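The values are calculated or read from the model by the stated rules, or taken from the named source; none is laboratory data. From a predicted model like this one, the values you see are computed outputs, not experimental measurements. Cβ sites come from the backbone with ideal geometry, for glycine too, and all protein chains shown count toward neighbours.
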Amino acid sequence: MYRVLITDNLSPAGLKVLEDNPEIELDIRSGLSPEEVREALKSADGIIIRSATKLTEEVLKDQPRLKAIVRAGVGVDNIDRAAATREGIVVMNTPAGNTTSTAEQTIALMMSLARNIGPAYATMKEGKWERKKLTGTQVAGKTLAIIGLGRIGLSVAQRAQGLEMKVIGYDPFMSAERAAEYGIELYKEVDELVKHCDFLTVHTPLTDETRDLINAERIATMRPGVRIINCARGGIVNEDDLADALESGKVAGAACDVFTQEPPENRRLINAPNMLATPHLGASTDEAQEMVALEAAEIISDFLTKNEIRHAINMIPVSGAEMADLKPHIELGHRLGLFLSQQTKGSLKNVQIQYRGEVAEKQTKLITSSFAAGLLSNAFEADVNIVNATVFAKERGIDISESRSTEAGTLSTLISATVETEDGKCSAAGTIFGQDFLRLTKLDEFYLDAYLDGNLLIYRHNDVPGLIGYIGTVLGNHNVNIAHMALGRLQNQPGGEAIAVLNVDGEVPEAAIAEVSSHKEVSCVKLIKMPPATAPLSWLQ
Ligand SMILES: NC(=O)C1=CN([C@@H]2O[C@H](COP(=O)(O)OP(=O)(O)OC[C@H]3O[C@@H](n4cnc5c(N)ncnc54)[C@H](O)[C@@H]3O)[C@@H](O)[C@H]2O)C=CC1
Ligand SMILES: O=C(O)CCC(=O)C(=O)O
């Protein structure tokens, strides 16, 4: 049974999807302190949040059970993504469900600013009738500047064009040709764009680049009487600078749905003249909430029960069907990594992974991450898994590169890895027989056919008669049963260097290893421990 914690308001439709899933148990709590969220997460496999819950580094630290965070909405700035990745937790969101509602809120705020709806309403409530003072401006024929031409930005553009506005925009990730298809004149520089508008709206995520994007310096270059709207994130428009500009009259009106602190304790901007404020209502419609809740519920269910990764922020997305196809390859990568971690000595320098044949057409990045998780699993105190392994490797200066060739060799699919440590190089290759029989097909220069599960007794030796009998007797005397044996000879020639990989049942006592090592034709005896063949794939390992 998987346990899903929900700490913010989620629409009943989403809750029902989760309640109807027999594999999922719900833990719904709201108004928790960060410490209470941290405690509650200890018994959760996944969490669904909106914008109120803050998943900081402290909250996410040491949560071995937690595998996934789903944000029912777009902005993930309330989640410490780097910390989640380090802790091996997948972060996913629902990018499209609230686009229309947020675009509509933007237009509603723009129209309200243009026609002074806020002050008109407030003064009517006070019993006043201030027609002259509240004369507005028409939006038709005016220029709207949109910063951030993603889902919401483009949806706002479409609506503004319906209101007969000229739309100009800035987005470093959008081409002028594509912007033109939407009827938007694209500017190359934000500094130029802001000079040419009557209304300005921001629709970017909050990042280091977008924090204070609209500041005193840029406001100074804008047309006098410009109106500014922020339905994206608090901090994209600098709050103090906007308050100054409203007080000076440079900005004729501003509307903010989002604030640097929510709810805002600092009331200066909210109390500034011609300032219209809403309490983060962009996505607060029945329709948007139902859509994001349904999607969030499906995302967490499919992730926990089918390993599907949808709309991931810190991983490659993979559908359920793709994941089913990838599973044996991810497992093979993980086992090759585990195998090589026990074959190598000294600190790791670099890793090269080569994908050949059918596997080269798959999401090899995930297989590489799984390989890295296997390779590093014994090296760290922290749990290393497919989400965080490459981050750990990078932090330690271990260079992992991959190459691919769809041309098959003798095997239809082959994963080969070479690990270089300060002590030298070691390589191994593996394949999949049938659906999911994983095989070690090469160790350094020796071709083999060994099982990649259970205990593997490996020794190098000179290829002389009688040795197999000797080893069999030694292991038999120690009550160790041999399940399978693979021999590899250099260039497949008799009499030279050779290697043996014995899949054995149960443990091999130290004394048996010492006896095998004592044979004059044997060198480098090693016992490698792999998970049993039947161990279910926990792809996050
Ligand atoms: N008020 C509310 O309730 C809601 C607010 N939001 C906010 O709106 C933001 C935008 O949402 P979507 O349009 O769905 O996201 P999106 O990812 O579709 O679009 C974001 C756009 O911003 C652009 N961008 C990134 N950095 C930029 C920069 N430095 N300058 C200019 N453009 C830049 C990207 O290229 C992208 O086109 C979200 O990040 C979220 O914070 C989203 C939903 C509801
Ligand atoms: O959950 C909410 O209502 C906030 C929506 C939002 O800000 C987002 O999706 O980024």
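Table: residues versus (1) closer than 17 Å to Met315 by Cα; (2) assigned to a helix (DSSP H, G or I).
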site	(1), (2)
Ser369	yes, yes
Ala372	yes, yes
Leu375	no, yes
Asn385	yes, no
Thr390	yes, yes
Lys394	yes, yes
Gly397	no, no
Ser401	no, no
Pairs, first at positive phi in region 60-86, second modelled with pLDDT of 95 or more and within 14 Å of ligand 2 (Cβ to nearest atom), C-beta under 8 Å, six or more apart: Gly73/Arg50; Gly73/Asn93; Gly73/Thr94; Gly73/Gly97; Gly73/Asn98; Gly73/Ala283; Gly73/Val292
Looking at region 401-422, is at least one residue of a type outside the set (S, T, N, Q), over 24 Å from Cys524 (Cβ atoms), surrounded by 20 or more Cβ atoms within 10 Å (Cβ to Cβ) and under 23 Å from the mean Cα position of the chain (by Cα)? no
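Matching residues to (1) acidic (Asp, Glu); (2) touching a helix residue (DSSP H, G or I) at 6+ places or on another chain (Cβ under 9 Å); (3) modelled with pLDDT under 95:
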position: Thr201; (1), (2), (3): no, yes, no
position: Asp212; (1), (2), (3): yes, yes, no
position: Glu239; (1), (2), (3): yes, no, no
position: Ala255; (1), (2), (3): no, yes, no
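Determine which member of the set Glu181, Glu177 is out of contact with any strand residue (DSSP E or B) (no Cβ under 6 Å at 6 or more places or on another chain) and modelled with pLDDT of 95 or more.
One residue alone meets the criteria, Glu181.
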Among the residues of region 98-113, count how many are within 10 Å of ligand 1 (Cβ to nearest atom) and surrounded by fewer than 24 Cβ atoms within 10 Å (Cβ to Cβ). 2
Would you pick out the residues in region 208-228 that are in contact (Cβ under 8 Å) with a residue 24 or more places away in the chain and acidic (Asp, Glu)? Asp212
Whether any residue in region 229-244 is within 16 Å of ligand 1 (Cβ to nearest atom), in a helix (DSSP H, G or I), assigned by TED's automatic domain parsing to the domain that holds Asp171 and in contact (Cβ under 8 Å) with a residue 12 or more places away in the chain is what I want to check. yes
Of all strands (runs of 3 or more DSSP E) completely enclosed by region 81-191, which ones contain at least 2 residues that are hydrophobic (A, V, I, L, M, F, W, C) and outside the structural domain of Ala68 (by TED's automatic domain parsing)? 143-147, 166-170
Given (1) buried (at least 21 other Cβ atoms within 10 Å of the Cβ); (2) at pLDDT 95 or above, index of the condition Lys166 fails: (1)
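Return the only residue of Thr418, Thr431, Thr390 being at pLDDT below 95, among the β-branched types (Val, Ile, Thr) and outside the structural domain of His519 (by TED's automatic domain parsing). Let's see the steps before the verdict.
On the way: Thr418 fails: at pLDDT below 95; Thr431 fails: at pLDDT below 95.
The match here is Thr390.
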Of all residues in region 255-306, how many are within 16 Å of ligand 2 (Cβ to nearest atom), of a type in the set (Gly, Ala, Ser) and farther than 23 Å from Ile69 by Cα? 2
Could you pull out the residue among Glu331, Glu361, Glu290 that is surrounded by 23 or more Cβ atoms within 10 Å (Cβ to Cβ), in contact (Cβ under 8 Å) with a residue 24 or more places away in the chain and acidic (Asp, Glu)? Glu331
Would you tally the residues in region 299-355 being among the aliphatic types (A, V, I, L, M), over 14 Å from Val90 (Cα atoms) and in a helix (DSSP H, G or I)? 9
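Listed residues Thr7, Thr56, Thr85; which is modelled with pLDDT under 95, of a type in the set (Val, Ile, Thr) and more than 15 Å from ligand 1 (Cβ to nearest atom)?
It is Thr85.
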Which one of the conditions (1) under 26 Å from Pro264 (Cα atoms); (2) among the acidic types (Asp, Glu); (3) in contact (Cβ under 8 Å) with a residue 40 or more places away in the chain does Glu57 fail to meet, given that it meets all the rest? (3)
Starting from region 159-177, keep only residues that are touching a residue at least 60 places away in the same chain (Cβ under 8 Å), then list their pairs with residues that are in a strand (DSSP E or B) and among the acidic types (Asp, Glu) whose Cβ atoms are within a distance under 6 Å, requiring at least 6 positions of separation or different chains. none
Kindly indicate whether Ala68 is within 16 Å of ligand 2 (Cβ to nearest atom), of a type outside the set (Val, Ile, Thr) and at pLDDT 95 or above. no
